[in-house]
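Taking it in order: structure first as structure tokens, then the write-up.
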Amino acid sequence: QVQLEESGGGLVQAGGSLRLSCAASGRTFKSWIVGWFRQAPGKEREFVAGIRWTGGSTHYSDSVKGRFTIFKDNAKNTVYLQMNSLNAEDTAVYYCAAGWTGGSIYAHEYVAWGQGTQVTVSS
């Protein structure tokens, strides 16, 4: 099983940027789909972005398309989420997840999860 650890969260002003990292241990990401989800207080966990480790194809939710970019570093076995033009609606705990269902936006199709990192955007 792969273990995931997120980092990079914090407090940022509206319009600012943050980069989140998701590092894998225990095994490599090879053949996996890695996704970022987020959960705001009182709301359900929602899909943000995903990347196929082999090939690098990506998919995004409409709410972040054009502002967020997911990418990977093969050598570091790490997936990143670059978040630009942040706004208050982006405030949430962000989770990294890994699974095998290509293009999935559903949390139940991801089998490994990190503990999350808080992102707070002040307006």
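Side notes on the structure shown:
- Selection from segment 101-122 of residues that are of a type outside the set (Ser, Thr, Tyr) and touching an Asp or Glu at 6+ places or on another chain (Cβ under 8 Å): Gly114, Gln115, Gly116, Val119, Val121
- Taking segment 28-47 as the range and being among the hydrophobic types (A, V, I, L, M, F, W, C) and farther than 17 Å from Glu5 by Cα as the test, the residues that pass are Ala40, Phe47.
- Restricted to segment 40-123, the set of strands (runs of 3 or more DSSP E) holding at least 2 residues that are open to solvent by 40 Å² or more (accessible area, probe 1.4 Å) and farther than 16 Å from Ser21 by Cβ comprises 46-52, 58-60, 117-122.
- Within segment 8-39, being more than 13 Å from Met83 (Cα to Cα) and surrounded by fewer than 20 Cβ atoms within 10 Å (Cβ to Cβ) holds for Ala23, Ser25, Gly26, Arg27, Thr28, Lys30, Ser31, Gln39.
- Selection from segment 89-110 of residues that are farther than 16 Å from Glu5 by Cβ and not small (Gly, Ala, Ser): Glu89, Asp90, Thr91, Trp100, Thr101, Ile105, Tyr106, His108, Glu109
- Per-region count, segment 23-74, residues touching a Cys at 6+ places or on another chain (Cβ under 9 Å) and β-branched (Val, Ile, Thr): 1
The values are calculated or read from the model by the stated rules, or taken from the named source; none is laboratory data. Bear in mind that the values here come from a model prediction, so they are computed numbers and not experimental data. Note: ideal-geometry Cβ built from the backbone for every residue, glycine included; neighbour counts use all protein chains shown. Ligands, DNA and RNA are excluded from the accessible area calculation, which covers all protein heavy atoms including side chains. Shrake-Rupley method; radii C 1.70, N 1.55, O 1.52, S 1.80 Å.
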